[in-house]
Amino acid sequence: MFDFRPDDTLAPEELHRQLCEAADALTASEPDGIANMANIAALLWEFLPDLNWAGFYRVAPAMSGDEELVLGPFVGRPACIRIPFGQGVCGAAAGSGRIQRVEDVHAFPGHIACDAASRSELVVPVIRDGRVIAVIDLDSPSPARFSETDARGIERLAALLAARI
Ligand code: SME
């Protein structure tokens, strides 16, 4: 049994340090990327307060022959399955390779509303060998939920996972 019990009074830096440590322990000896993404989605959900969606979109072949984002393991409400590069917050992160920290999703042009409750969003690309292979997507029902500390913490998590998903 895994029993991670994050203390929600922790400073954000320490919370992210513990999250990365737990993610490392959970994935270090498991070669199956889907299992690792599933456990990390659950871990994000346990560690980070005030989320309504936490999970992965993977870069995968599009039906047209190009590549696009395809829904991966997550916790939250059922979500849109395929997102072309450049569309929505996730597609912007995948297309640019840059973190998208959106304080108000209603003000983001092209935001894709999978859950009407979402108000702010953080999307961090997972980069392996210089290519985006997936994104980590976090949604919150609170405006401006995600800080720069959250962005840097999830960026470290993405770097850790790049060889494990
Ligand atoms: N809001 C995202 C879509 C994915 S869901 O939030 C799970 C976007 O605009 O790309």
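The values are calculated or read from the model by the stated rules, or taken from the named source; none is laboratory data. Predicted model only: the values in this text are computed from it and were never measured. All Cβ positions, glycine included, derive from the backbone under ideal geometry; neighbour counts span all protein chains shown. The accessibility values were calculated without ligands, DNA or RNA, using every heavy atom of the protein model including side chains. Shrake-Rupley method; radii C 1.70, N 1.55, O 1.52, S 1.80 Å.
Estimated purely from DSSP H runs of n ≥ 4, each contributing -39500 (n - 2.57), the mean residue ellipticity at 222 nm for the chain is -10500 deg cm²/dmol once divided by its residues. At the residue level, ASP115 shows approximately 20 square angstrom of accessible surface with a 1.4 angstrom probe and all protein chains present. Electrostatic bookkeeping for GLY33 treats Lys and Arg as +1 and Asp and Glu as -1; over the other residues with beta carbon under 12 Å from its beta carbon, the sum is +1.
Computed from label points 7 Å out along Cα-Cβ, the spacing between ALA116 and ARG152 is 3.8 nm.
Work through the residues other than ASP24 whose Cβ is under 13 Å from its Cβ and net out their charges, Lys, Arg +1 and Asp, Glu -1. The answer is +1.
I want to verify the translational diffusion coefficient of the stretch 19-76 in µm²/s; compute it with Stokes-Einstein, Rh as the Kirkwood radius over Cα pairs, at 10 °C and 1.306 mPa s.
Working: Rh = 12.4 Å.
It comes out at roughly 128 µm²/s.
Overall size of the stretch 44-126 from C-alpha positions, given as principal axis extents largest first: 38, 26, 22 Å.
Using heavy atoms of the protein chains and a probe of 1.4 Å, the accessible area assigned to PHE2 is about 140 Å². A quarter of the convex hull surface defined by the alpha-carbon atoms of the chain gives 9.3 nm² as the mean projection. Counting Lys +1, Arg +1, Asp -1, Glu -1, what net charge surrounds LEU48 among other residues with beta carbon under 12 Å of its beta carbon? For residues surrounding LEU48, the net value is -4.
Relative contact order of the stretch 12-161, please, whole-number percent, based on alpha carbon pairs below 8 angstrom and at least 6 residues apart. Relative contact order, the stretch 12-161: 23 percent. The residue list ALA62, PRO49, ILE99 was ranked by how far each Cα lies along the charge dipole of the chain toward its positive end, using unit charges on Cβ atoms, and ALA62 comes out on top. Dipole magnitude for the stretch 19-165: about 180 debye, using +1 per Lys or Arg Cβ and -1 per Asp or Glu Cβ, origin at the Cα centre.
Heavy-atom accessible area, probed at 1.4 angstrom with all protein chains present, ranks GLU67, GLU14 as GLU67, GLU14, highest first. Computed with a 1.4 Å probe over protein heavy atoms only, the accessible area of THR9 comes to about 110 Å². Taken along the Cα-to-beta-carbon direction at a fixed 7 Å, the label points for ALA11 and ALA144 span 2.2 nm.
Against the criterion of solvent-accessible heavy-atom surface with a 1.4 angstrom probe, ASP32, ASP137 sort, most first, into ASP32, ASP137.
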